[in-house]
Every structure is written in C-alpha cells, then in structure tokens.
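The values are calculated or read from the model by the stated rules, or taken from the named source; none is laboratory data. Predicted model only: the values in this text are computed from it and were never measured. Here the Cβ is made from the backbone with ideal geometry for all residues, glycine too, and neighbour counts use every protein chain on show. Just so you know, the surface numbers come from the protein's heavy atoms only, side chains and all, with ligands and any DNA or RNA stripped out. Shrake-Rupley method; radii C 1.70, N 1.55, O 1.52, S 1.80 Å.
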Amino acid sequence: MKIIVAGVKKEVAEGLTVQGLIEQEQVETPEYVTVSVNEEFIESGTFASHVLKDGDEVEFLYFMGGGAYGIYE
Amino acid sequence: MAFTNEQLERYSRHIILKEIGVKGQKKLLNAKFLINDACVMEKKPLSHAGIIRFKGQLTTILPGEGPCYRCIFQSPPPKDAVPTCKEAGVIGAMGGVIGSLQAMEAVKYITGAGELLSGYLLTYDALKMEFRKIKLPPRGKGCAVCSDTPTITKLIDYEQAACELKH
C-alpha cells in the first residue's frame, strides 16, 4: 500500500503499524517521538497497535531541547 | 499569577542556566514546558523553537486559539531518550536561521501582518535545504494544560522532581 511519510510517498506492506514504521524508517529517537497520522496525534501507547491504511499521511515530530551549553566544561 | 520570591528565583534558574552540564541540560529541557505552561495559563503568546545538529523547528503558540507545546510533547523526555546538544552538537548558523524566523513571527504578531505559525510546526533540515510546514491537530484535545479540562493547573517545578530521580 502507499502512504506518505514526512511528505514522501512510500510503498509499505499492508498491516504495517506505526511502531513498525518507526523501526523501518530508523527514526532517530524512537523512545520519544510524536507521531501524527492524517493530522491526528497517535498516543504513544498505541504505536504497536495502530495499523496504517492506504493513503495515510504520517509525520514524525522530534523533540529538540536546544541550547549550546556544555562548551564551557 | 503571583510568584513568591523563592519561586521566581527557582524558575529563573531554569531559563538563565547558571548551572552548566547535565543539570543545566535537564533544566533547559524542562524550561520549555515551564514557559509553555506559564504562557497558556496567562494567555500570553509564545514563540517556541528548537535546534539540534543541522535541524530546527518553530511554532507560534496562541493560547486558546491553537495547540500548545504540550499538545505536541506531553512531558519532558525520559533520561537518554533524546540526544542533548552536548552529545549531538548544533551548528551555530542554526541559531541565526531559526532565531530570525522567530523574530519575524514576533513582528507579524505585533503588526497583525501575514499568517502566524499557530497550528503548524515549521521544520528545517539544513543538510537537505528543506523547510516543511506540518499541520498540527487543533488545540486542546486531551492536552494536560490547554484543554477545556486541564489537569495541569499549576506550574510544575521539574527541578524538584528531577532531584528525586535515581539514576
């Protein structure tokens, strides 16, 4: 089936879950990433059970703490 | 919302970062939530931005109108879940790029010109030279601080909570 991940069309297997996509896409911070599917946030506790459908648009929103501290150490 | 002198001293340390290193990193991460919560509670607009390595993000938070920071990230990340700037680094020019965009959002808010990033997360990938504008869900859906039935009604002193954590 075809889905859109971060604006890019991708062919993925039927039955792929959000968790499966996170692993497949090698998301940098898999333990803490916000996922939206069709502009709706998916609860992190349901990543493994949320099955993606043909045409779904998925976005990964990464936490960026920011700052440039540590250079003084 | 009145703060005691002790609270002002403690909260300002989150932002001013007198402590550098691991404690400072924790405080900066937590400061984002503190500032967001304070702005939502006081109904003040907030420009949020973050940068790391070659990536950045930006959104404008208008309490009561669009989603807030906690709508996107419910609580500070667990230890070691995300890289810190000390670990990952950040290119200096990222501050200029994203900082200037924040300034532009402020100018637009003050003048009423154009469209603000309320309801959108702008992301920037410097290596790909790519900006994306990600539409966010509407404000409040289950959000602990900005929904119509918030569960967070007081500022959280994450510093105290962090000191109690055992690593």
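In the set B:46, B:58, only one residue is within 12 Å of chain A (Cβ to nearest Cβ) and under 10 Å from the mean Cα position of the chain (by Cα); that residue is B:58. Taken together, the residues in the range A:8-55 that are open to solvent by 50 Å² or more (accessible area, probe 1.4 Å) and within 14 Å of chain B (Cβ to nearest Cβ) amount to 12. Listed here are the helices (runs of 4 or more DSSP H) enclosed by the range B:55-145 that have at least 1 residues being within 23 Å of residue A:6 (Cβ to Cβ) and open to solvent by 50 Å² or more (accessible area, probe 1.4 Å): B:92-111.
Scanning the range B:82-117 for residues that are more than 20 Å from residue B:129 (Cα to Cα) and more than 14 Å from chain A (Cβ to nearest Cβ) yields a count of 13. Scanning the range A:1-38 for residues that are closer than 18 Å to residue B:74 by Cβ and either part of a loop (DSSP other than H, G, I, E, B) or charged (D, E, K, R) (or both) yields a count of 5.
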